[in-house]
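Heads up: the structure comes next, in structure tokens.
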Amino acid sequence: MTPTMEKSQPLPLKKVLANRWFPIVLLVIPLLIAQGVTPAYSSYTPSEHILDTPNPSLTATPTVTRTMAPTATLTSTPTPLTPEIMVKVSGNTVNLRTGPGTNFSIVHKLNFYEHLILLGRLNDDSWLYVKTLDGFEGWVKTTLVNLVGIDVNDQPIATPAPPPEALITVSNGPVNLRTGPGMHYAKVLRLVYGDQLVLLGRVKDNSWVYVEAADGQEGWVQTMYVNLGRVNLGYDYFPVETPPPTETSTPVVLQDVEGHWIDIDLSEQTLRAYDGTTLVNTFLVSTGLYQYPTEVGQYHIFVMYRFADMHGSDYFLPDVPYTMYYSGDFAIHGTYWHHNFGQPMSHGCVNMDTRDAEWLYNFSEVGTLVNIHR
């Protein structure tokens with residue numbers, strides 16, 4: 001028997017290819033890693049792979065587009081809470097001053113239509129605190145600035161420096177320096193014509209000023225009794241002082257007088273009508289000017305006229321109503337030529353509002369006591 005020789009059968013083509021690819025894969029994977037290509041098990045989404053190219057290059061690097069969160073930009077200068085407000089000078093040769101008043105020194109000269117930065121205001125809005133574009137800071141009158149479209153009440157109130165010393169003089173004395181701005185405050189000192197005072201402050205309506213006398217005592221005096229000189233309380237800055245609580249002073253009442261009598265206080269420009277020690281009525285009056293003072297003392301009414309003509313070297317007043325003479329040519333009477341009661345106005349008589357004089361005329365009689373004092 002012829003021995004049968006077995007021939008080796010060739011491997012199937014699939015197995016041959018598998019055996020050949022194995023070493024190739026071992027060589028290719030390191031190359032892929034070296035070139036940065038992400039293998040098939042990468043976590044990238046399918047949209048991040050290049051699928052349209054049948055034979056992608058082994059050196060190609062897939063790119064990923066990412067959206068970054070915005071980053072805050074820090075600046076060396078913080079942004080102000082409110083923007084700067086610009087205004088313009090509306091007058092010619094306007095002075096920028098160290099304080100809100102013409103008695104303050106001049107810092108800089110401002111030109112018409114010059115731009116200013118608005119920084120603040122005085123509490124009554126009469127002056128503005130501003131800065132020029134070249135760095136000068138100071139105060140300027142509100143009326144000399146164009147504020148169209150700007151509400152100054154939105155601006156902070158600036159506190160100015162104390163004003164320079166302002167000297168004023170008593171122009172119509174004697175007058176009392178008081179503890180507060182009112183006739184019912186206690187008297188501190190008696191001031192006479194020509195006394196010099198240092199102006200320290202004022203009330204809001206400027207009717208009283210707070211002053212320092214020559215001996216250092218401080219108090220209040222009515223503005224109408226002083227000469228302010230060049231000081232203008234309406235434009236120059238002086239602080240509004242807060243007066244002490246209102247006092248109720250008790251007038252000195254004559255104890256030994258019976259019936260109706262009249263008390264006139266020249267320092268208060270006040271007439272009081274009494275019945276014994278009981279106060280019946282009070283009126284503001286106008287007594288004599290400094291050059292025509294009303295006499296001090298105790299008098300009695302000696303004649304009364306419903307109407308009387310009065311005349312002097314420089315005046316003639318016909319039909320003066322409710323005239324009551326108490327000493328020579330001096331009388332208490334109604335007044336139709338002025339209404340400025342509370343301030344000395346006369347040639348020595350006691351001027352009253354005509355309606356008040358009528359009341360007093362009916363209250364009094366010949367012989368009624370008239371007590372005049374300061």
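Every read-out reported here was derived from the displayed coordinates using simple, explicitly stated rules and does not represent laboratory data. Keep in mind the model is a prediction, meaning the values are calculated, not measured. Here the Cβ is made from the backbone with ideal geometry for all residues, glycine too, and neighbour counts use every protein chain on show.
Odds and ends about this structure:
- Cross-link partners of residue 88 among aspartates and glutamates (Cα-Cα below 13 Å; sequence separation of 8 or more within a chain): 114
- Summed residue charge, Cβ within 14 Å of residue 153's Cβ, Lys/Arg positive, Asp/Glu negative: -3
- Under 13 Å, Cβ to Cβ, from residue 354 - net charge with Lys/Arg +1 and Asp/Glu -1: -2
- When each of 326, 292, 361 is scored by the number of other beta-carbon atoms lying within 10 Å, the sequence from fewest to most is 292, 361, 326.
- Reduced Cα scattering model of the stretch 189-310, Debye log10 I(q)/I(0), q = 0.10, 0.22 Å⁻¹: -0.47, -1.37
- Distance between modelled label sites at residue 113 and residue 306, nm, 7 Å Cα→Cβ extension: 7.2
- A dipole drawn for the stretch 166-227 from +1 and -1 charges on Cβ atoms has a positive end, and of 220, 166, 198 the residue lying farthest that way is 220.
- The alpha carbon centroids of the stretch 277-306 and the stretch 126-187 are separated by 38 Å.
- Packing-based order for 177-185, 211-219, 150-158, using average beta carbon neighbours within 10 Å, highest first: 177-185, 211-219, 150-158
- Size of charge dipole - the stretch 166-227 - debye, nearest 20, with Cβ of Lys, Arg +1 and Asp, Glu -1, no other charges: 180
- Taken over the Cα atoms of the stretch 278-329, the convex hull encloses 131 Å³ per residue.
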